[in-house]
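Engineer: Take a look at the following structure, please.
A short reminder: the numbers here are calculations on the coordinates, not readings from a lab. The structure presented is a predicted model; accordingly, all values stated were derived computationally and were not measured. In this analysis, Cβ positions are derived from the backbone assuming ideal geometry, glycine residues included, and neighbour counts consider all displayed protein chains.
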Amino acid sequence: MQKHVLYYPHISLQNAPLTKALALYYDRVYRIVPDNVRPDDNEGLWPLLEEGSVGSMIDPAPYSVSASDEFLSKLGEWDAAALDGDPDGEKELSRLHVEKTDERVRQLFEEAGFKSHNNWMSIPTELASNYMLYLATIIAKKNNLSLVTSDWGAWTGTSYFNLDGQIDESLSPDMMSEYLDDPFGLFCLVVGGITPINISEIPADKILEFRDKRTDEITNFRKCLNELHDELRVIDANEIKIDVIKDKVKALNKAKVEYRNSADLIKVKGWTGSKMIGFPAAIGLAKIMDIPIASMIPIDTTALELTGVALGALFTIKSNAQDLKKLNKENPASFLIEMQRSFKGYTKQRGGGDINYHAWNCMEEFIND
């Protein structure tokens with residue numbers, strides 16, 4: 001977890017509970033806003049927005065050429081079927097500001113029949129989402145920002161693009177044998193109980209006071225989460241040390257307790273929410289941590305002798321160790337924050353299954369689409 005974060009893919013901050021929750025963890029919260037656009041933000045966030053560190057705007061114009069280069073170079077890999085559709089048909093459309101693209105992408109959209117009006121283009125949602133994922137990833141890389149989203153599709157899409165699509169459907173014993181010489185997977189780390197259940201009731205000015213007076217607790221929580229994340233994503237299975245991982249989890253749990261205790265300033269009535277961090281690692285991690293790969297279920301939290309921390313396996317990655325080491329070094333982690341459901345209550349999502357199962361479904365749907 002970096003000190004600073006880029007929230008994507010939206011311009012406006014209408015979700016006040018989510019924005020306030022992000023302000024509890026991060027020093028600065030950025031979003032992508034063209035220079036001549038005034039976001040329609042939630043009025044309840046004004047104290048945070050006026051202070052300046054939450055809702056900071058990044059103009060996409062300097063990054064549009066790089067994002068467009070990447071987008072155009074990958075069209076053939078993810079199948080740009082949306083470009084062949086009927087612009088006047090029944091497709092769900094989204095608005096994309098012209099300054100988030102460069103001339104080549106605008107021309108591509110116009111040639112496909114999607115017009116612009118007052119600097120906004122109406123194009124199929126799936127096409128706009130794909131482009132925004134490239135743009136957000138490039139901005140995050142160049143500014144050393146973490147990526148955060150409340151959109152499962154955006155999280156799975158970003159993970160897919162960061163891995164250049166080199167992902168198999170799932171981790172399974174059969175697939176492990178296929179990649180026996182070079183077995184790697186996409187894993188996720190989930191930390192529960194770090195969002196106040198009454199976050200919507202907490203005034204923005206009290207969040208500001210918490211940020212000012214509880215800097216040490218916030219910083220230590222973020223540091224411990226980073227250290228556990230770094231230890232888990234060791235590429236070489238022979239370097240994975242279960243005792244070290246357990247020590248990092250204990251440190252994280254202690255930091256989380258201190259962080260939660262320090263929230264007396266904002267009168268928290270209870271804790272909910274979860275945080276999911278995707279990272280590539282050796283499949284040997286699954287063996288060492290006893291992750292039941294075939295069932296997609298995260299290890300029981302008692303396996304780490306603590307509550308509120310879970311680890312799960314999502315996909316087999318078809319890349320070699322050197323490529324994955326480069327990926328871990330160059331790409332910021334992608335975070336997914338879900339505010340509406342509790343950590344344990346997530347099993348009800350999509351008719352059953354755990355948080356990993358839901359993420360797996362989202363990734364599969366993205367790849368298939």
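Engineer: Describe numerically, in nm with one decimal, the distance between label points set 7 Å from Cα along Cα→Cβ at LYS269 and at ASP243.
Structural biologist: 4.6 nm
Engineer: Going by Cα centres, the range 1-76 and the range 190-244 are how many Å apart?
Structural biologist: First find each Cα centre; the distance between them is then 20 Å.
Engineer: How many nm separate the modelled label positions at VAL257 and LYS3, each set 7 Å beyond the Cα in the direction of the Cβ?
Structural biologist: 2.8 nm
Engineer: Continuing with the same structure: For the range 200-274, run through the trypsin sites (Lys or Arg not before Pro) and keep only the ones in DSSP coil with at most 15 other Cβ atoms within 10 Å of their Cβ. Before the final figure, lay out the partial values.
Structural biologist: Working: sites: LYS206, ARG211, LYS213, ARG214, ARG222, LYS223, ARG233, LYS241, LYS246, LYS248, LYS250, LYS254, LYS256, ARG260, LYS267, LYS269; in loops: ARG214, ARG233, LYS241, LYS267, LYS269.
Passing sites in the range 200-274 are LYS241, LYS267, LYS269.
Engineer: Further question: So if R0 is 25 Å, what FRET efficiency would LYS223 and ASP69 give, r being the distance between their Cβ atoms, rounded to the nearest 0.05?
Structural biologist: Values: r = 35 Å, r/R0 = 1.41.
Once the sixth-power term is evaluated, E becomes 0.10.
Engineer: Right, next: Past 30 Å, Cα to Cα: identify those pairs from LYS269/LYS325; LYS3/LYS206; LYS287/LYS326, in the order given.
Structural biologist: LYS269/LYS325
Engineer: Let me ask something else. Between ASP236 and GLU51, what is the label-to-label distance in nm when each label sits 7 Å out along the Cα-to-Cβ direction?
Structural biologist: 4.4 nm
Engineer: Still on this structure, please answer the following. Specify, per residue and in Å³, the volume enclosed by the convex hull of the alpha carbon atoms belonging to the range 192-277.
Structural biologist: On the way: hull volume 7.9 nm³, N = 86.
Expressed per residue, the convex hull around the Cα atoms of the range 192-277 is 92 Å³.
Engineer: For a paramagnetic label modelled at 7 Å from the Cα of ASP59 toward its Cβ, which residues of the range 19-41 fall within the zone defined by backbone nitrogen distances under 15 Å?
Structural biologist: 32-38
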